[in-house]
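Enquirer: Take a look at the following structure, please.
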Amino acid sequence: MTLLTVNKLSKSYDGKNVVKDVSFEFHNGKCIALIGPNGAGKTTILRTLAGLLKPSAGTIQFSNMKEKDDIRKYIGYLPQYPVFYTWMTGMEFMIYSGRLSYLSEAEAKKRAETLLEKVGIIDAKDRKIGKYSGGMKQRLGIAQAIIHKPKLLMLDEPVSSLDPIGRREVLTLMKELKEEMTILFSTHILSDAEEVSDELLLLNKGEIVESGSMVELRKKYQTSIIKLEFQGDLAKYQEPINALASVANSSIERDVLQVSVSDIAEARQEILTYVLKEGCPLTSFTLDRASLEDMFMKVVTG
Ligand code: ADP
């Protein structure tokens, strides 16, 4: 079921358009990664969805949202650099956040207990936040963002400032939470997106340049490459190999003939048959795969 529809969203700062005509739809229960290099416009999109920035153009619509509704009711948002009152305990901070979301003291306390348990820091609830590790602070930030039971949880670069342990803690928590809610998070690291998200929105220079489910995109960009090495002059083998039905194209890089193929099994058969028939002095045959990472780098570096 559709949760959120964003239509032709644009945002300019001082006349400079940094988010350009962006449209997308989210479905309930998915985890979506908004991925792109620094400066692509990720934070601007998240802040606009969170109701903290006014769009220059376009619309943001939650399903069943009433016209006068405050969008913040639907959204939980953890900014890239959250500010915590370090003198408060985790519990005090959660109750304070709950009160800001109009929960009663008793409701806020109850909800705080449940969420601190859920994010795995209940044992530290009476400790001052100043004594928390980076990963614990981020987990507290996530708990605080969902205190009012939003429909969409948005996390801006939730793991980028963490050490490897904190990173692992938060990625694991995100995997657990995505079973219960829709999550949109930004990142500039593809492996983080691949690890937790079901869908990907790839942003570059304020525009969505690719989107789709992880499964679809992996399939789309995973081409196979066969690397061949021959004794002597390599160039003379390129043309006949290119002419084989299963070969898409090839290039010579250093002393290696790199052959892109559509069907790896068929190509292996064809190439080896050609090599045997012609008695070519083949010295090396290696399979390689291009991946989403290659696609990402290509888009990002132009
Ligand atoms: P990302 O989160 O992908 O790194 P941002 O949304 O932070 O990208 O920034 C997108 C572009 O908008 C950048 O060129 C950035 O310099 C610019 N920008 C962001 N915030 C402001 C602002 N408050 N005023 C002017 N320009 C801004």
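The values are calculated or read from the model by the stated rules, or taken from the named source; none is laboratory data. What you are looking at is a predicted structure, and each value in this text was computed from that prediction instead of being measured. For neighbour counting, all protein chains shown are included, and Cβ atoms are generated from backbone atoms with ideal geometry for every residue, glycine included. Only protein heavy atoms, including side chains, enter the accessible area calculation; ligands, DNA and RNA are left aside. Shrake-Rupley method; radii C 1.70, N 1.55, O 1.52, S 1.80 Å.
Enquirer: With respect to the numbered conditions (1) surrounded by fewer than 15 Cβ atoms within 10 Å (Cβ to Cβ); (2) more than 27 Å from Val300 (Cα to Cα), which one is the sole condition not fulfilled by Gln222?
Expert: (2)
Enquirer: Anything in the range 275-302 that is outside any strand (DSSP E or B) and open to solvent by 70 Å² or more (accessible area, probe 1.4 Å)? List them, or say none. Before you say what the answer is, go through the steps one by one.
Expert: In the first step, residues of the range 275-302 are kept if they are outside any strand (DSSP E or B); the result is 275-281, 290-302.
Result: Leu276, Lys277, Glu278, Glu293, Asp294, Met297, Lys298, Thr301, Gly302.
Enquirer: May I pose another question? Scan the range 158-174 for residues that are outside any helix (DSSP H, G or I) and either touching a helix residue (DSSP H, G or I) at 6+ places or on another chain (Cβ under 6 Å) or of a type in the set (Val, Ile, Thr) (or both) and jot them down. Spell out how you get there, then give the answer.
Expert: Initial filter on the range 158-174 (outside any helix (DSSP H, G or I)): 158-163.
Selection gives Pro158, Val159, Leu162.
Enquirer: Now a separate question. When residues of the range 193-213 are filtered for being open to solvent by less than 10 Å² (accessible area, probe 1.4 Å) and in a helix (DSSP H, G or I), how many remain?
Expert: Qualifying residue count, the range 193-213: 2.
Enquirer: Can you pull out the residues in the range 168-192 that are open to solvent by less than 10 Å² (accessible area, probe 1.4 Å) and closer than 16 Å to Leu4 by Cβ?
Expert: The answer is Thr182, Ile183, Leu184, Phe185, Ser186.
Enquirer: Among the candidates Leu217, Leu272, single out the residue that is assigned to a helix (DSSP H, G or I), farther than 30 Å from Glu195 by Cβ and either open to solvent by less than 90 Å² (accessible area, probe 1.4 Å) or of a type in the set (Gly, Ala, Ser) (or both).
Expert: Details: Leu217 fails: farther than 30 Å from Glu195 by Cβ.
Criteria check complete, one pass: Leu272.
Enquirer: Quick test for you: out of Ala124, Ala108, pick the one residue that is farther than 28 Å from Asp192 by Cβ, open to solvent by less than 70 Å² (accessible area, probe 1.4 Å) and away from the ligand (no atom under 16 Å from the Cβ).
Expert: Details: Ala124 fails: farther than 28 Å from Asp192 by Cβ.
Checking each option against the conditions leaves just Ala108.
Enquirer: Same structure again: Out of all the residues in the range 42-59, which are at pLDDT 90 or above and open to solvent by 10 Å² or more (accessible area, probe 1.4 Å)? Outline the logic, then answer.
Expert: Going through the range 42-59, the residues at pLDDT 90 or above turn out to be 42-50, 52-59.
Scanning the range 42-59 gives Lys42, Thr43, Thr44, Arg47, Leu52, Leu53, Lys54, Pro55, Ser56, Ala57, Gly58, Thr59.
Enquirer: Which pairs have Cβ atoms under 8 Å, sit 6 or more apart or on different chains, and link a residue in the range 272-290 that is of a type outside the set (Lys, Arg) to one that is loosely packed, with under 12 Cβ neighbours inside 10 Å?
Expert: What qualifies is Pro281/Gln231; Pro281/Gly232; Thr283/Gln231.
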